[in-house]
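The values are calculated or read from the model by the stated rules, or taken from the named source; none is laboratory data. Worth saying up front: this structure is predicted, and the values here are computed from it rather than measured. Neighbour counts are summed over all protein chains in view; Cβ atoms, including those assigned to glycine, are modelled from backbone coordinates with ideal geometry.
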Amino acid sequence: MTDAHTTTPVNYSDYETGEPVVDKAGPSGPIETRWERRQFGVKLVNPANKRSKKIIVVGSGLAGGAASATLGEAGYQVSTFCYQDSPRRAHSIAAQGGINAAKNYRNDGDSVYRLFYDTVKGGDFRARESNVHRLAEISRNIIDQCVAQGVPFAREYGGLLDTRSFGGVQVSRTFYARGQTGQQLLLGAYQALERQIHAGTVTMFPRHEMLELIVVDGRARGIVTRDMISGEVETHLADAVVLASGGYGNVFYLSTNAKGCNVTASWRAHRKGALFANPCFTQIHPTCIPVSGDHQSKLTLMSESLRNDGRVWVPKQLGDDRGPNEIPHDERDYFLERKYPAFGNLVPRDIASRAAKEVCDEKRGVGPSGLGVYLDFDDAIQRLGRPAVEAKYGNLFEMYERITGEDPYKVPMRIFPAVHYTMGGLWVDYDLQSTIPGLYVAGEANFSDHGANRLGASALMQGLADGYFVLPNTIGDYIATNNLDPVPDDAPEVLEARRSVDDRVETLLSINGTRTVDSFHRELGQIMWDYCGMERTEEGLRKALDLIPELRREFWNNVKVPGTGAELNQSLEKAGRVADFFELAELMCLDALHRNESCGGHFRGESQTPDGEAARDDDNFGYAAAWEFTGRGQAPVLHKEELEFEYVHPTQRSYK
Amino acid sequence: MHWTAPHFDMCTGVVATVTSQKSPRKDPGPSAPARRRPKLPGVLLKFVMAVSGAFLLLYLVLHMVGNLKIFFGGPALDAYAAWLRTLLEPAVPYEGVLWFVRVVLSVSVIAHIWSAVLLTLRARSARPVKYAGGNHKVKGSYAARTMRWGGVIIALFVVYHLLDLTTGTLNPNGVHLQVYDNVAADFAPSRWYVTLFYVLAVVAVGLHVRHGLWSGLQTLGASNNRRERPLKIFSAVFAVVLTVGFLAVPLAVTFGVV
Amino acid sequence: MKLNLKVWRQRDSVDKGRMVNYEVDADEDMSFLEMLDVLNEKLILAGDEPVAFDHDCREGICGACSMVIDGQPHGPQKATTTCQLHMRHYSDGDSIVVEPFRAGAFPVIKDLVVDRGAFDKVIQAGGYVSVNTGSAPDAHATPVSKVAADRSFAAANCIGCGACVAACPNGSASLFLGAKLTHLGEMPQGQPERYERVVNMVETHDDAGFGGCTNTGACATACPKEIPLDVISQLNRDYLKATVAGRRNRG
């Protein structure tokens, strides 16, 4: 990169506030008919013209896979890219719990409106009402679509679909396929995608990584990729570009994301002008297997459903180093049940995570590192009998034992929170279009639907809603209403984008320092976890904002990337991703610093109620913060999207 | 015993034919044109193998039952051999049924070996490199892993067996239709090495049947989650019964029981 | 613990490749891949090239990891992918041989990385229900018996890692193929294309260079998701019905 060594000494945190950003695509009026009216307002593309229109999709998870397949079916020429060796491996596959849909098959009072209401409230009033309502409407179609594809959802003896309640919701609206719902839904989308590849409407580029966005005349017109096997840098041009490249949890190094998950596609778009919204909204999942040592490369999630029967506790006494089974019941602190008697062990994710952190901060944490709490099934086994517990959680217990070597039937599990999902992402309007015309963003990569906190079983719903139903409808409007002349291969913008990728690759390879990419990534992750993790304070964030640029500079001077660019080079791939994580990390800390309130996954130490709960500040922060890039290490510009709550009126969440 | 022999006469010829056809067959077979024309589907080849195997197995059962006539005395065995030749007379000519069986068996043997050769060649190119860390063995899969070499050994044995007890060429007695005398001379205690060879060959057949029967049932789609174990047990028991039945005759002769 | 590793090193698809010995210090809580991470960090700092291997989710579901450990795909632990295999199953001084999946249809790209694109081709040939987005009836329009749904799920559990092919002495992908055919074949939604599907997928399977099945069961033993062997029986049965019984043309 040309600006690799030249960061101007402007104070990064001295950001300016620019013009508000406004969602112009979303209709006003009654919320129930907004989506219908928007769909009618979309200009249609003549079916014959679709064949000559090219769309690039980056990412092949639920959102990208579903969008590729659907756009292919519609007749567009689609090129789909993924870094994995097959689109079927996208990390959507790892989602365990389930997918919400307002089917009300249980007759338990569910409805589109209730799902809408729960999601806005669960998101702590930082999501856009129109988008969330549309999501709730579409949730029903998703289940129909997936069943038609042959997704083997769990069923009851009568042959109809089974549902369960999930994540502290009072209705039973979560459809599931054992603990592998993400896998089964992704395979459905993957199969639909493979069908289109066979039909010739979609061209698949596996093991290709997007490294730059091509913007011509202010419009997104293509991408620059690197073939991860040959190392060849290629340009791909199109009429529109869809990013469905997932979240950025790996900025923390340790997370439940796959090792390859990265922010590069989104970040490159951000650098080219797309606003990045609410980057500090990260979800920390309470039930993960604790870190076992410095070698740890990733964290494994244990399904949230474990909290239905497991009881969370730590020793009451400080420095109690007895084994868990030797500690009598009255010397155990069942801290969730104690603090939140109404919800007990079933409080939402952010609250459970923070409570665990608190007891560990008090040095009452368990396990070798002291960073863990017990999740105990002793009572459940006595009450229900071991066979019943085995039937419900057998596979999870096995997984736990495989990883830790401990038998959870005999010794309580140890769990600790881990970074799981990022609610923030590229800013999009109601059409899922970013601030760069022609650049659409779907799934976890965008910011739109979950606000400051995502409810369980909603990520799958959003990815598929965007991919199958929203994007294929709205993208046509852009294509129909814009006169898009073909971009020549040697247009200056194309050559420039390509050159910048070449330069960056060359720079990374030529530094030849003394530290590996992973060592930088680990250190960055530790900074983020310490200062921008479960609890953030002004002091900590300012410290992080000092540490990150320092480390970034060291990275660009001292990283060691072996090998060449013209081969499969996994160190080089990682180096490029970590380089972008550095810049994102800085923005996340700034966003967290500026948002001096606690909401959802963002907890500011300075903003709590007298009894230590999160205190939201709707008057000052009732907006989505969309940041504009101005240069590496330079203060970005904040654009606010004011959020209006016409239907669900903000209240303080309480689980006491 | 002699009932086998004529058939395997044919069979020898057939085996020879296959061998001689091998080189011209090799080209239209698996390697060369497979890229251009669609290959003969592997599953279809497996059906051929399963169905031909089924005929061969049925024959083995009848053969074994016939062999056991020796325990009713020499005349019983010889009479049985003669009866086979006059079976269904005069509706069919002398040895008519026998020749019909021989033809069916010959076709089965050709089909069995042909499909085996094609599938083996495909397997070679589908799995060209061996693991340096050793090829891990699936528990109880010895029979499965020895199907190919076992098959070759059985084929060679059959050639010997035909020359021995059908044509009588290699038999110390070697008189047509004197079945009992031929057998008695063959497995005389002094010729213990012949008995030993037969024992080894029959065990090879047993192993082949053990995996072959289960495999054939699976190929024909008879297996499912519930039936898998019972079918495997059935195949193993079947193979043991067949092996014991065939071993009984040579061992009985050698140890002077009959 | 100190381990002696013998790792297959191959620069690219053209290189002949060879086994190289390494020593590595491992901790018993590490996963097998974390042990390789440690090796790679060491190699990079020593100025060598790290060992390339496929991996992604590291929680046993994406199916990316693909290596043969001491002759067994995914190593010695039953029902466990390489990423979930932990070093506590090894002890100080052990020697471990690590190789790529070996199959004609899975050419080696580099070191332990192989190309499993043939699996995608097999799915393209018919491993789906031909339903366009938006054309679906209500999810409850077609009840599916719990037994069928469960059996379908057991087969749909396949993660497409290719261990079945790597373990098979014939390099056959019958377990992978049978799993997809069973997944769709057990569901009413999969019925209209059922017989067309099996014929096309089998043809593509063979053309991709996979061998024929000899029912050794090595695939089901190696499968980290314990896909039952009887899916191959179902594949055979459907193929027989499609071709010999002529169902394919009758639909």
> Taking the stretch A:546-569 only, how many residues are in a helix (DSSP H, G or I) and either within 17 Å of residue A:513 (Cα to Cα) or over 23 Å from the mean Cα position of the chain (by Cα) (or both)?
Replying inline: 12
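Here is a yes/no grid of residues against (1) assigned to a strand (DSSP E or B); (2) within 22 Å of the chain's Cα centre (by Cα); (3) away from every other protein chain (no Cβ under 14 Å); (4) not hydrophobic (A, V, I, L, M, F, W, C):
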residue	(1), (2), (3), (4)
A:110	no, no, yes, yes
A:166	no, yes, yes, no
A:170	no, no, yes, yes
A:184	no, yes, no, yes
A:203	yes, no, no, yes
>> Being more than 14 Å from chain C (Cβ to nearest Cβ) and assigned to a loop (DSSP other than H, G, I, E, B) is the requirement here; does residue A:317 meet it?
In response: yes
> What number of residues in the stretch C:122-161 are basic (Lys, Arg) and buried (at least 17 other Cβ atoms within 10 Å of the Cβ)?
Replying inline: 1
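Rundown of residues vs (1) crowded, with 24+ Cβ neighbours inside 10 Å; (2) without any contact (Cβ under 8 Å) to a residue 60 or more places away in the chain; (3) part of a strand (DSSP E or B); (4) not assigned by TED's automatic domain parsing to the domain that holds residue A:458, yes/no style:
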{"site": "A:93", "(1), (2), (3), (4)": "yes, no, no, no"}
{"site": "A:105", "(1), (2), (3), (4)": "no, yes, no, no"}
{"site": "A:115", "(1), (2), (3), (4)": "yes, yes, no, no"}
{"site": "A:119", "(1), (2), (3), (4)": "yes, no, no, no"}
{"site": "A:126", "(1), (2), (3), (4)": "yes, no, no, no"}
{"site": "A:136", "(1), (2), (3), (4)": "yes, yes, no, no"}
{"site": "A:140", "(1), (2), (3), (4)": "no, yes, no, no"}
{"site": "A:145", "(1), (2), (3), (4)": "yes, no, no, no"}
{"site": "A:159", "(1), (2), (3), (4)": "no, yes, no, no"}
> What residue, of A:79, A:130, is of a type outside the set (D, E, K, R), away from chain C (no Cβ under 13 Å), out of contact with any Gly (no Cβ under 9 Å at 6 or more places or on another chain) and more than 23 Å from residue A:179 (Cα to Cα)?
Replying inline: A:79
> Restricting attention to the stretch C:220-251, which residues are assigned to a helix (DSSP H, G or I) and more than 9 Å from chain B (Cβ to nearest Cβ)?
Replying inline: C:231, C:242, C:247, C:248, C:249, C:250
>> residue A:20 - would you say it is closer than 22 Å to residue A:266 by Cα, assigned to a loop (DSSP other than H, G, I, E, B) and in contact with a Lys or Arg (Cβ under 7 Å, 6 or more places away or on another chain)?
In response: yes
>> Here's a check for you: in the stretch B:113-139, which residue that is part of a loop (DSSP other than H, G, I, E, B) and under 27 Å from the mean Cα position of the chain (by Cα) is surrounded by the fewest Cβ atoms within 10 Å (Cβ to Cβ)?
In response: B:139
>> Are there helices (runs of 4 or more DSSP H) fully within the stretch C:103-196 with at least 3 residues that are at the interface with another protein chain (Cβ under 9 Å from one of its Cβ atoms) and within 20 Å of residue A:188 (Cα to Cα)? List them.
In response: C:117-124, C:146-156, C:174-185
> Within the group A:523, A:493, A:550, which residue is within 14 Å of chain C (Cβ to nearest Cβ), more than 24 Å from residue A:351 (Cα to Cα) and of a type in the set (Asp, Glu)?
Replying inline: A:523
> Can you tell me which of A:119, A:70 is more than 14 Å from every other protein chain (Cβ to nearest Cβ), in contact with a helix residue (DSSP H, G or I) (Cβ under 8 Å, 6 or more places away or on another chain) and polar (S, T, N, Q)?
Replying inline: A:119
> Since residue C:200 meets every condition but one in (1) more than 29 Å from residue A:143 (Cβ to Cβ); (2) out of contact with any helix residue (DSSP H, G or I) (no Cβ under 9 Å at 6 or more places or on another chain); (3) of a type outside the set (A, V, I, L, M), which condition does it not meet?
Replying inline: (1)
> Does residue A:80 qualify as being on the phi < 0 side of the Ramachandran plot, part of a helix (DSSP H, G or I) and touching a residue at least 60 places away in the same chain (Cβ under 8 Å)?
Replying inline: no
> Given the conditions (1) in contact with a strand residue (DSSP E or B) (Cβ under 9 Å, 6 or more places away or on another chain); (2) over 23 Å from residue A:418 (Cα atoms); (3) surrounded by fewer than 21 Cβ atoms within 10 Å (Cβ to Cβ), and given that residue A:564 satisfies all but one, which numbered condition is not satisfied?
Replying inline: (1)
> Conditions: (1) away from chain C (no Cβ under 14 Å); (2) under 17 Å from the mean Cα position of the chain (by Cα); (3) surrounded by fewer than 23 Cβ atoms within 10 Å (Cβ to Cβ). Residue A:217 meets all but one. Number of the miss?
Replying inline: (2)
> residue C:116 is checked against (1) in contact with a Cys (Cβ under 9 Å, 6 or more places away or on another chain); (2) under 18 Å from residue A:150 (Cβ atoms) and fails just one. What number does that condition carry?
Replying inline: (2)
> Looking at the stretch B:142-255, what helices (runs of 4 or more DSSP H) fall wholly within it and have at least 2 residues that are in contact (Cβ under 8 Å) with a residue 24 or more places away in the chain, among the small types (Gly, Ala, Ser) and under 22 Å from residue B:65 (Cα atoms)?
Replying inline: B:192-219, B:228-254
> What tally of residues in the stretch B:186-236 results from selecting those that are more than 17 Å from the chain's Cα centre (by Cα) and more than 14 Å from chain C (Cβ to nearest Cβ)?
Replying inline: 13
> Which one is surrounded by the fewest Cβ atoms within 10 Å (Cβ to Cβ), of the residues in the stretch A:405-445 that are among the small types (Gly, Ala, Ser) and either part of a loop (DSSP other than H, G, I, E, B) or free of Cβ contacts under 8 Å to residues at least 12 places away in the same chain (or both)?
Replying inline: A:405
> Does the stretch B:98-105 include one or more residues that are within 14 Å of another protein chain (Cβ to nearest Cβ), crowded, with 17+ Cβ neighbours inside 10 Å, in contact with a helix residue (DSSP H, G or I) (Cβ under 6 Å, 6 or more places away or on another chain) and assigned to a helix (DSSP H, G or I)?
Replying inline: no
> Only one residue in A:502, A:580, A:530, A:518 is touching a Ser or Thr at 6+ places or on another chain (Cβ under 6 Å), assigned to a helix (DSSP H, G or I) and not assigned by TED's automatic domain parsing to the domain that holds residue A:259, so which one is that?
Replying inline: A:580
>> Residues to consider are C:75, C:60; find the one that is over 26 Å from residue A:253 (Cα atoms) and surrounded by 15 or more Cβ atoms within 10 Å (Cβ to Cβ).
In response: C:75
> Of the residues A:232, A:194, which is acidic (Asp, Glu), buried (at least 24 other Cβ atoms within 10 Å of the Cβ) and within 14 Å of chain C (Cβ to nearest Cβ)?
Replying inline: A:194
> Of all residues in the stretch C:131-160, which are within 20 Å of residue A:89 (Cα to Cα) and either assigned by TED's automatic domain parsing to the domain that holds residue C:66 or in contact with a strand residue (DSSP E or B) (Cβ under 8 Å, 6 or more places away or on another chain) (or both)?
Replying inline: none
